[in-house]
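Asker: Attaching a single structure in structure tokens format; questions to follow.
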Amino acid sequence: MNVLLDNLPLFREGFLGTLSLTAASAALALVLGLLIAGFRVSPVPPLRAFGTAWVTLLRNTPLTLLFLVAFFVLPQIFVPGISPYVLATLALGFYTSSFICEAVRSGINTVPLGQAEAARSIGMTFFQILRLIILPQATRTVIPPLSSIFIALTKNSAIAGAFSVKELFNVSKDLSDRGLAIGWIFLWVAIAYLIITFAISGLFRLLERRLGVVR
């Protein structure tokens, strides 16, 4: 207990850092995932090809490699001096977007094709059909897999700690370097991750009940 109480400000900083990094990465991944899912089901061949390439590349690339690219390649190509927090958010957001894209695409495929055809017959555009007819229905089947994806994102955020981003794993490394009991450090860090993942799970269960998801 002394490990926690004596280093409470540091644990709090790491906990809030993990929360912030997870939330920012989740927001980026959700926006990109929805966009790429739209590309994947688009009637425009170049967009479909781009969406397929995006998902294939990111889903089959180790996340650690994406972090290495973000931290050592991007600053050389674009603006140098980008903060580690932003680079970690980009790596996590891009990686997770590929999984969200496939979850959303699976949900889109559950909507009867006749509804899209009927909407097209009355003059609605592809993006109007997607936004007004397909996505609202697909949301109900997408929520359960999204819960697992965001929980995995929370755990993946630990990689950012190895790249000087202040979060729970980084805090555990700092405390371990000070010679504190590693077992107690990992116990409190694990409890902190459990709090976050249980909160995400509870939020999505609430959304499932609210939207009347049948499982």
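The values are calculated or read from the model by the stated rules, or taken from the named source; none is laboratory data. These numbers were taken from a predicted model, which means no experiment stands behind them. Neighbour counts run over all protein chains shown; Cβ positions are idealised from the backbone, glycine included. Only protein heavy atoms, including side chains, enter the accessible area calculation; ligands, DNA and RNA are left aside. Shrake-Rupley method; radii C 1.70, N 1.55, O 1.52, S 1.80 Å.
Asker: Got a sec? Which of Phe71, Phe94 is farther than 30 Å from Ala116 by Cα, in contact with a Leu (Cβ under 9 Å, 6 or more places away or on another chain) and open to solvent by 30 Å² or more (accessible area, probe 1.4 Å)?
Answerer: Testing whether each residue is farther than 30 Å from Ala116 by Cα, in contact with a Leu (Cβ under 9 Å, 6 or more places away or on another chain) and open to solvent by 30 Å² or more (accessible area, probe 1.4 Å) leaves just Phe71.
Asker: Which count do you get for residues in segment 149-164 that are under 17 Å from Pro62 (Cβ atoms) and either of a type in the set (Phe, Trp, Tyr) or part of a loop (DSSP other than H, G, I, E, B) (or both)?
Answerer: 1
Asker: Please work out which residue is nearest to Ala70 (Cα to Cα), limiting yourself to segment 165-215 and to residues that are among the basic types (Lys, Arg) and assigned to a loop (DSSP other than H, G, I, E, B). Walk me through how you get there before you give the answer.
Answerer: Here is the first cut: in segment 165-215, the residues among the basic types (Lys, Arg) are 166, 173, 178, 205, 209-210, 215.
Now restrict to residues that are assigned to a loop (DSSP other than H, G, I, E, B): 166, 178, 215.
Details: Lys166: 17, Arg178: 29, Arg215: 38 Å.
Filtering first and then ranking leaves Lys166.
Yes or no, residue by residue, for (1) within 13 Å of Gly14 (Cα to Cα); (2) more than 22 Å from the chain's Cα centre (by Cα); (3) among the basic types (Lys, Arg); (4) open to solvent by less than 50 Å² (accessible area, probe 1.4 Å):
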position	(1), (2), (3), (4)
Leu153	no, no, no, yes
Val165	yes, no, no, yes
Phe169	yes, no, no, no
Ser176	no, yes, no, yes
Leu180	no, yes, no, no
Ile191	yes, no, no, no
Leu203	no, no, no, no
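Asker: Does at least one position in segment 106-113 carry a residue that is under 27 Å from Phe198 (Cβ atoms) and surrounded by 13 or more Cβ atoms within 10 Å (Cβ to Cβ)? Walk me through how you get there before you give the answer.
Answerer: Residues of segment 106-113 that are under 27 Å from Phe198 (Cβ atoms), as a first pass: 106-107.
Filter again for surrounded by 13 or more Cβ atoms within 10 Å (Cβ to Cβ), leaving 106-107.
The answer is yes, given that some residue of segment 106-113 is under 27 Å from Phe198 (Cβ atoms) and surrounded by 13 or more Cβ atoms within 10 Å (Cβ to Cβ).
Asker: Let me ask something else about it. If you scan segment 14-38, which residues turn out to be farther than 20 Å from Phe198 by Cβ, surrounded by 14 or more Cβ atoms within 10 Å (Cβ to Cβ) and modelled with pLDDT of 90 or more?
Answerer: Ala24, Leu28, Ala29, Leu30, Leu32, Gly33, Leu34, Leu35, Ile36, Ala37
Asker: Return yes when Thr61 is within 23 Å of Lys166 (Cα to Cα), open to solvent by less than 50 Å² (accessible area, probe 1.4 Å), at pLDDT 90 or above and touching a helix residue (DSSP H, G or I) at 6+ places or on another chain (Cβ under 9 Å) and no when it is not.
Answerer: On the way: within 23 Å of Lys166 (Cα to Cα): no; open to solvent by less than 50 Å² (accessible area, probe 1.4 Å): yes; at pLDDT 90 or above: yes; touching a helix residue (DSSP H, G or I) at 6+ places or on another chain (Cβ under 9 Å): yes.
When the stated conditions are applied, Thr61 does not pass them.
Asker: List the pairs whose first member sits in segment 60-72 and is under 17 Å from Ser97 (Cα atoms) and among the β-branched types (Val, Ile, Thr), whose second member is part of a helix (DSSP H, G or I) and open to solvent by 30 Å² or more (accessible area, probe 1.4 Å), and whose Cβ atoms are under 9 Å apart, counting only residues at least 6 apart or on separate chains?
Answerer: Thr61/Val69; Thr61/Tyr95; Thr64/Ile159; Thr64/Ala162
Asker: Scan segment 39-58 for residues that are open to solvent by less than 70 Å² (accessible area, probe 1.4 Å) and not in a helix (DSSP H, G or I) and jot them down.
Answerer: Val41, Ser42, Val44
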